[in-house]
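The values are calculated or read from the model by the stated rules, or taken from the named source; none is laboratory data. Everything numeric in this text was worked out from a predicted model, so none of it was measured. Quick reminder, even Gly has a Cβ in these numbers, built from the backbone with ideal geometry, and neighbours come from all protein chains shown. To get the accessible areas, we keep the full protein, side chains included, count just its heavy atoms, and leave off ligands, DNA and RNA. Shrake-Rupley method; radii C 1.70, N 1.55, O 1.52, S 1.80 Å.
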Amino acid sequence: MRIILIRHGNPDYEKDCLTELGHKQAAVAAQRLLSEEIDEIFSSPQGRAFQTAEYFSKASGIKPIQILDFIREIRYGCEGELYDPKWNPWSGADELVWSGQNLQSPNWREYPVFKNNFATVDADKIGEETDKWLATQGYEREGFYYRCTRPDDKQKTLAIFNHGGASAAFMSRVLNQPFPYMCALLHFQHTAISILRFDKTPGKLTVPTIELLNDARHLKDVK
């Protein structure tokens, strides 16, 4: 099975929709994705991701767009204003790097920027729900890996339109890497495409292979 993660286009966060530039990006990304032989489309329930998915649905003729409620964008804050800059997990991860802290520490949840942060709560929830969803697709988690429980070796390709933080949390779970490390490693561009491939052999234990990561070359002429 192949899973394609696509971040939404340039957003108007207050209105939860795409900007004029975001619509252009989504249209170009849709054409780029036609070459991936996608079988099904999934999307976050949030408007900016769903609108991005709609462009590909119309271009490909694939319907319906299936909603994955758990893949909505993560929040960040602590007992107050959501999206408080001082709790931003990306800048927080960068500051940990600058101070020489270990982003792969098993105790990363105790770092001040991640302790009691909504980002940590949401990333953990996305991780748990990711495993539940993968089980419905025929991949059961066993320890650090996934057992292919599908009855056949047919290659399916699924597209998931979502968000930068949600993608980082999803990949953190399936690649067994701490969330802060993925925040530092992955700064997803708008409509960036990442592809994970799970072994399709029935009964085999597998870890996903990264085919493509944060690819936004399709935007080189979009202004």
Cβ pairs under 7 Å, 6+ apart or interchain, first in region 35-63 and within 22 Å of Met1 (Cβ to Cβ) and without any contact (Cβ under 8 Å) to a residue 60 or more places away in the chain, second assigned to a loop (DSSP other than H, G, I, E, B) and open to solvent by 60 Å² or more (accessible area, probe 1.4 Å), ordered by first then second residue, are Ser57/Lys63
Phe56 vs. criteria open to solvent by less than 40 Å² (accessible area, probe 1.4 Å), under 20 Å from Asp122 (Cα atoms) and either outside any helix (DSSP H, G or I) or among the hydrophobic types (A, V, I, L, M, F, W, C) (or both): no
For Arg147, state whether it is modelled with pLDDT of 95 or more, touching a Lys or Arg at 6+ places or on another chain (Cβ under 8 Å) and over 26 Å from Gly9 (Cβ atoms). yes
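For every residue, the table says whether it meets (1) more than 21 Å from Leu212 (Cβ to Cβ); (2) crowded, with 20+ Cβ neighbours inside 10 Å; (3) not basic (Lys, Arg).
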residue	(1), (2), (3)
Arg2	no, yes, no
Ser43	no, yes, yes
Ile65	yes, no, yes
Leu96	yes, yes, yes
Looking only at strands (runs of 3 or more DSSP E) that lie completely in region 152-223, which have at least 3 residues being surrounded by fewer than 20 Cβ atoms within 10 Å (Cβ to Cβ)? 209-215
Would you confirm, using the coordinates I've provided, whether Gly61 is at pLDDT 95 or above and surrounded by fewer than 15 Cβ atoms within 10 Å (Cβ to Cβ)? yes
What are the pairs with Cβ atoms under 6 angstrom where one residue, in region 177-196, is closer than 21 Å to Gly22 by Cα and the other, located anywhere, is assigned to a loop (DSSP other than H, G, I, E, B)? Sequence gap at least six, or different chains. Gln189/Ala216; His190/Gly9; His190/Asn10; Thr191/Gly9; Ala192/Ala216
Would you check which residues across region 110-148 are assigned to a loop (DSSP other than H, G, I, E, B) and either surrounded by 15 or more Cβ atoms within 10 Å (Cβ to Cβ) or in contact with a helix residue (DSSP H, G or I) (Cβ under 8 Å, 6 or more places away or on another chain) (or both) and list them? Tyr111, Val113, Phe114, Lys115, Asn117, Gln137, Gly138
Which one of Asp69, Asp122, Asp94, Asp131 is in contact with a Gly (Cβ under 8 Å, 6 or more places away or on another chain) and among the charged types (D, E, K, R)? Asp122
Does Glu73 satisfy being at pLDDT 95 or above and touching a Leu at 6+ places or on another chain (Cβ under 9 Å)? no
Scan Leu82, Leu68 and give me the residue that is in contact with a helix residue (DSSP H, G or I) (Cβ under 9 Å, 6 or more places away or on another chain) and more than 22 Å from Gln189 (Cβ to Cβ). Leu82
Of the residues in region 24-41, how many are under 17 Å from His163 (Cβ atoms) and either in contact with a His (Cβ under 8 Å, 6 or more places away or on another chain) or open to solvent by 20 Å² or more (accessible area, probe 1.4 Å) (or both)? 3
Among the residues of region 4-15, are any open to solvent by 50 Å² or more (accessible area, probe 1.4 Å) and either farther than 23 Å from His187 by Cβ or not hydroxyl-bearing (Ser, Thr, Tyr) (or both)? yes
